[in-house]
Amino acid sequence: VRADLNAGSIASGQTICYNTSPAPFTNSSAPTGGTGSYNYQWQKSTTSSVAGFSNISGANSSTYNEPGNLTVNTWYRRTVTSGSCGSKNSTAVQVIVRADLNAGSIASGQTICYNTSPTAFTNSSSPTGGTGSHNYQWQKSTTSAVAGFSNISGANSSTYNEPGNLTVNTWYRRTVTSGSCGSKNSTAVKITVRADLNAGSIASGQTICYNTSPAPFTNSSSPTGGTGSHNYQWQ
């Protein structure tokens, strides 16, 4: 009587980042028993450790090196066949896939006057996913919402309170890094800076006789900038 077929064991489970590949599955202990000659077939399931398994095409070695990127929790096991002595499955190991990193969102855009400071940028929604630990870096750009960004020194909190005075349109975003799970950027918000207020000009000076009235003062050039709405006070 040949020894009972034992499927051996494969490497233990893993936890990986979303859309990345687990490390190769190694042979922790070789199969024993049966005829002494073994054929292998790796299987996977996204259902559970005991159901929903299907064969992985071409995965016929004692180890499995190319599982590919995963986006959901997946179980793997190795089926060992030993001639007429049938087949046995190894215990399944689970690959836990962390939730996809989401950078969260920051407060909406603002319109400000020339050379004034926007209000603090608040945390509208916190980041999720990744390793669960999140580090922050605020960035700004005067180019566009998708290009020209550079890090703001010392701006490493979930909020950014001291953007300073601005004279040109500026975009801000928050970069979130989660350990080995990489980085994601929030959607950038735009600070629209109104043109600098220019008072325009009035008619030139005059020389008049004593106790007479100068000619009316006309509008040589109209004011520009500011909010676009202008009120007047002569002095």
- Message: Residue by residue through the range 61-76, what is 3J(HN,Hα) from phi via Karplus (6.51 cos²θ - 1.76 cosθ + 1.60, θ = phi - 60°)? Round to whole Hz and write x for glycine and proline.
- Response: 10, 5, 10, 9, 9, 10, x, x, 6, 10, 10, 9, 4, 9, 9, 10
- Query: Between Thr71 and Asn6, 0.36 nm times their residue separation minus their Cα-Cα distance comes to what?
  - Reply: 20.2 nm
- Message: Ignoring ligands, DNA and RNA, please state the percent of accessible area on the range 78-235 from carbon and sulfur, probe 1.4 Å.
- Response: 48
- Note on the structure: In Å², rounded to a whole number, the accessible area per residue of the chain with probe 1.4 Å is 57
- Task: Could you check which residue among Thr122, Thr175, Thr35 shows the biggest mean-square fluctuation in a GNM of the chain with a 10 Å Cα cutoff?
- Result: Thr35
- Item | Dimensionless Rg/Rh of the range 69-118 - Kirkwood Rh, Rg from C-alpha atoms | 1.60
- Label model pair Leu197, Asn165: point-to-point distance (7 angstrom along the Cα→beta-carbon line) in nm is 1.4
- Pop out the ³J(HN,Hα) list for the range 6-22 in order, Karplus 6.51 cos²θ - 1.76 cosθ + 1.60 with θ = phi - 60°, rounded to Hz; leave Gly and Pro as x. 10, 6, x, 9, 10, 4, 6, x, 9, 10, 10, 7, 4, 6, 10, 9, x
- Euclidean distance between Cα centres, the range 148-188 to the range 42-74, Å: 40
- Item | Length-normalised contact order for the range 1-90 - Cα pairs under 8 Å, 6+ apart - percent | 36
- Item | Straight-distance crosslink candidates among lysines, where the alpha carbon sits under 25 Å from Lys44 and sequence neighbours closer than 8 are dropped | Lys88
- Note on the structure: HN-Hα couplings for the range 175-185 via Karplus (6.51, -1.76, 1.60; θ = phi - 60°), in whole Hz with x for Gly/Pro, come out as 8, 10, 10, 10, x, 6, 8, x, 10, 9, 9
- Relative contact order (%) - criterion: Cα under 8 Å, at least six apart; region: the range 126-235: 22
- Item | Charge context of Asn151, other residues only, Cβ under 13 angstrom, K/R +1, D/E -1 | +3
- Query: Sorted from largest down, what three extents in whole angstroms do the Cα atoms of the range 10-132 have along their principal axes?
  - Reply: 84, 23, 22
- 5 Å-binned pair-distance histogram of the range 85-154 (Cα, whole percent): 3, 10, 13, 18, 16, 9, 6, 5, 4, 3, 3, 3, 2, 2, 1, 0, 0
- Determine the principal axes of the Cα atoms in the range 107-235, then give the extent along each, sorted from largest to smallest and rounded to whole angstroms. 84, 22, 22
- Query: In percent, what relative contact order does the range 61-108 have, based on Cα pairs under 8 Å that are 6 or more apart in sequence?
  - Reply: 33
- Bounding extents of the chain in its principal axis frame from Cα atoms, largest first in Å, are 135, 28, 25
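The values are calculated or read from the model by the stated rules, or taken from the named source; none is laboratory data. All figures in this text were calculated on a predicted structure; none of them were measured in a lab. Cβ coordinates were reconstructed from backbone atoms using ideal geometry, including for glycine residues, and neighbour counts include every protein chain displayed. In case anyone asks, the SASA skips ligands and DNA or RNA and just uses the protein heavy atoms, side chains included. Shrake-Rupley method; radii C 1.70, N 1.55, O 1.52, S 1.80 Å.
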